[in-house]
1. Looking at (1) in a strand (DSSP E or B); (2) within 30 Å of Y389 (Cβ to Cβ); (3) of a type in the set (A, V, I, L, M), can you tell me which one A212 breaks?
2. For the stretch 121-144, enumerate the residues that are at positive phi and touching a Gly at 6+ places or on another chain (Cβ under 6 Å).
3. Condition first: open to solvent by less than 20 Å² (accessible area, probe 1.4 Å) and over 22 Å from T409 (Cβ atoms). Now tell me which residues in the stretch 299-322 satisfy that.
4. Consider D429 carefully, then state whether it is part of a loop (DSSP other than H, G, I, E, B) and out of contact with any helix residue (DSSP H, G or I) (no Cβ under 9 Å at 6 or more places or on another chain).
5. Give the residues of the stretch 825-875 that are of a type in the set (F, W, Y) and either surrounded by fewer than 17 Cβ atoms within 10 Å (Cβ to Cβ) or within 27 Å of the chain's Cα centre (by Cα) (or both), sorted by residue number.
6. Which condition breaks for G605 when tested against (1) open to solvent by less than 10 Å² (accessible area, probe 1.4 Å); (2) under 28 Å from the mean Cα position of the chain (by Cα); (3) modelled with pLDDT of 95 or more?
7. Taking strands (runs of 3 or more DSSP E) that fall entirely within the stretch 822-861, which contain at least 3 residues that are among the small types (G, A, S) and closer than 27 Å to G184 by Cβ?
8. Considering only the stretch 105-120, state which residues are at pLDDT 90 or above and open to solvent by 10 Å² or more (accessible area, probe 1.4 Å).
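The values are calculated or read from the model by the stated rules, or taken from the named source; none is laboratory data. Since the model is a prediction, treat every value here as computed from it, not as a measurement. FYI the Cβ positions are ideal-geometry reconstructions off the backbone, even for glycines, and counts take in every protein chain you see. These accessible areas exclude ligands, DNA and RNA; they are computed on the full protein's heavy atoms, side chains included. Shrake-Rupley method; radii C 1.70, N 1.55, O 1.52, S 1.80 Å.
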Amino acid sequence: MNSKVSYAVAAILSGVSFAAHAAEATNENTDVGAGSLEEITVTAQRRAQSIQDVPISMQAFTAETLQQLNVATLDDYIKYLPNVTTANNGPGQNEVFMRGLSAGSQPSQGSASTGLWPNVAIYLDNQSGQLPNRNLDVYAADLNRIEVLEGPQGTLYGAGAEAGVIRYITNEPKLDKVEANIKGGYSATAHGDPNADVTAVLNLPILENTLAVRAVIYNDSRGGYIDNVPATFTRKNSDVGIHYAYYNCPGSTTDFCVPPGSQPISNDKIASRAINPVTYKGARAELLWKINDDWDALITQSYQDMDSKGVFYQQPTASDGAALRPLEVTLFNDSFDKDKFESTAWTINGKFGFLKAVYTGGYLVRKVAQVGDYTNYARGVYADYYQCYGPGTGGDFNLQSTCYSPSATWFSNERNTHQQHEFRLSTPDDQRVRAIAGVFWETNKLYDQSGWNYKNVPSCTTNDPAGTGGNAGCFSDIGTAAGATVVNPGVQPENLSFYQDTVRETKQLAFFASVDFDIIPKVLTVTGGTRHFRFQNSSAGSVSGSFGCFEQGVPAGGCLVDNFDLNSQNLRDTESGFKSRGNITWHVTPDMMVYYTFSQGFRPGGFNQNGGAAHATGSDGVAQYLVPSSYQSDKLTNNEIGWKTEFLGHRLQWNGAIYRENWNNVQVAFFNPGLVGNIFYNTNGQNFLIKGIESSLVARVVSGLTVQAAGSWNQSRQTNSPALINNNPDSAGFGQPITQNCPDGTPTSCTAVTNPYGPIDSPSANAPPVQFSLRARYEWAIAGYVPYVQFGATHSGHSFTQAGSNPSIADNSGAITTGRLRFENPAYTTYDASIGVSKDAWWLNAYGENLANSNKSVFVSTDQFIVAQTPLRPRVLGLQMGYKFY
């Protein structure tokens, strides 16, 4: 579909993005799909309501819709959500954005310590599960529905819901009947390996109408499609990182070259096809106890183990610069990501007189172990400092120019413990004045041990002076700060050049209340709600680097020349305040509702692990910039007018919303070795104005034929022009924007600095101007069978991976020196189709996804110091079958 057609379709849809993906009412008799659209009940406002009565922009995928769309993971359904995008680094490594509320993405490595908290909350029932750069990738097994709430939801869902909420709602046990179902599938991936999945569900009453258990187990193995092709890595004289060998190019006294004897490395041992398979394994059990007519208790235990291999990106060029074909990379070390979580959650429902009481709690433990190839960093700034030496390195002029292996890896080990409790009371839903009030408490701890293994110069073995045996031409192994809160204290392994062992903790206590008042019963309603929150944030641990550790012997606790003791910095703060919401809802007719919503959202700030580090030397020889120790919360204010309508006897549904959002003091991440050190840090910067329209249309056109369409038009614009400010009181330019960097501290060495925040009118990141999806499904009955055909298309416009300037902070000069480059993601369109048949308790369908086998990139980064594009999954053709036991 060309761009003109795409935009024309979007215009027909009012240019808009929000869809109640209503399920179709499928009858088992011959009158298939003849009636009205099925009503969807949601709990977005902590009450059971029809989605058509909820005065917020939201979408819902029912269990039936999830089956029809063959949805299992976040990547499977996110494409059907206009105005929802991701920065996709692979399974479980998505950052989710709504309405273009993004200043850019972050890399997976080290994100537990350095990453910003997401501004879209993800819930498994009532349990929140947020981590920086790592979405809780819940496998969609035995779900009742998935709810997607757009816009600030801070009143009922707190700080993590600044931009919106995604809620996975599981099926509860049924007290009155035994039932089970099983489904399985097999499919083939173009250019890749096959896929197979199986899910089994059992519902079993133990005491009829009193006690029941429901359990699900699943296994989904998805074949890889990325090829690691044979390659070598050879240092080049043009590498940015070829200075510290101090080997002058022949005929030059100022330029440096690769010293003789620097051997290339090969990936022959790990080169292979389809290196990125991923497996989801898990189980969930729920126990429901109906204590009496007023009280019941639900306990849920969930486990999931996601194991992915390789990488999910492709490289346009090999490590040596040669062009690669689509779905190819050149890796020199094995990569993997193991992501496990277990969650214990409970809900108690009851009544105190006329008041309904709900207490929910949960304890989530998530563990991530990931390793990635980082060899391409050998061409970046400072990399050769850890891999090469020569005459004069560390003041030792007895050394011969030498470069060791460029092979490098990074690893992250994260452990997250998240405990939360909420108690709320609400009045009956049928009263003219309806109220809900509650208290929420949580503690969220994130332990991170991340390291970069690129120190390939040998380790020192003695404390003798330089030039005598084991303390010449060597690096001292790094250690952790004494007394710091770390998991692995003491001296670290020899190749570890940079290591962070930290813990972040967020504690929150909040009180919330919301009141609905029917000015005219069932016609005109006003709603007001607010949430008072108090956050306590802290960070502790040790962050160590090898810079300055050349020929420093073997100190007892490891080299700590380049160490940040976070405990000693007392990184703690408290933030409190109110976030509110107001609605006016007018039911023009019983089937036509319009509303106005005012809502506020925010997400908490945090701390940088290298606060106070001095950078960007001025012409006076004094550092102009001290990395800030902390960054503050950002805030969102939303004004929205929406409508929800049904016509023709509930056979036609048209919903939509027009919004205007002000996003201020936005949190943004920077990284550039050339100016602010070889480390990430976060700060506050831009303000954005975001305007848009969202809409969805669902129609039962004729008996058996249902058509669904959803679209969005979104415009984001930076409204201020912040700058990197000289914040060092000892610098001559204190308080002024930093416009130049003078490495030698003299005017003649100065070079211009690009403003990293970008100019006014710049767009936000991950914000396609136009997105839409279309789907048509036709069912009919014949001889007791119900065949169907289905076709769908999705389109996403272009977007940028980062807000602000390109390149970030320092001039890139044609080489990759930062993980914060700004790329344009191209527009793309995908097509899906399926055919199938059902009869009584069984169903069978054949499906195709990405039928045109598009290879368009959905995300681009230089986090591995080479251009890496995350492509659409290649075409998948498969069969699925299911059977229900009654």
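1. (2)
2. The one that is at positive phi and touching a Gly at 6+ places or on another chain (Cβ under 6 Å): N133.
3. Scanning the stretch 299-322 gives T300, S302, Q304.
4. Working: part of a loop (DSSP other than H, G, I, E, B): yes; out of contact with any helix residue (DSSP H, G or I) (no Cβ under 9 Å at 6 or more places or on another chain): yes.
Judged against the criteria, D429 is a match.
5. Once the filter is applied, which keeps residues that are of a type in the set (F, W, Y) and either surrounded by fewer than 17 Cβ atoms within 10 Å (Cβ to Cβ) or within 27 Å of the chain's Cα centre (by Cα) (or both), the stretch 825-875 yields Y828, Y831, W842, F859, F865.
6. Among (1) open to solvent by less than 10 Å² (accessible area, probe 1.4 Å); (2) under 28 Å from the mean Cα position of the chain (by Cα); (3) modelled with pLDDT of 95 or more, G605 violates only (3).
7. On the way: elements: 828-839, 842-849, 857-861.
Of the strands (runs of 3 or more DSSP E) lying wholly inside the stretch 822-861, those with at least 3 residues that are among the small types (G, A, S) and closer than 27 Å to G184 by Cβ span 828-839.
8. Scanning the stretch 105-120 gives L116, W117, P118.
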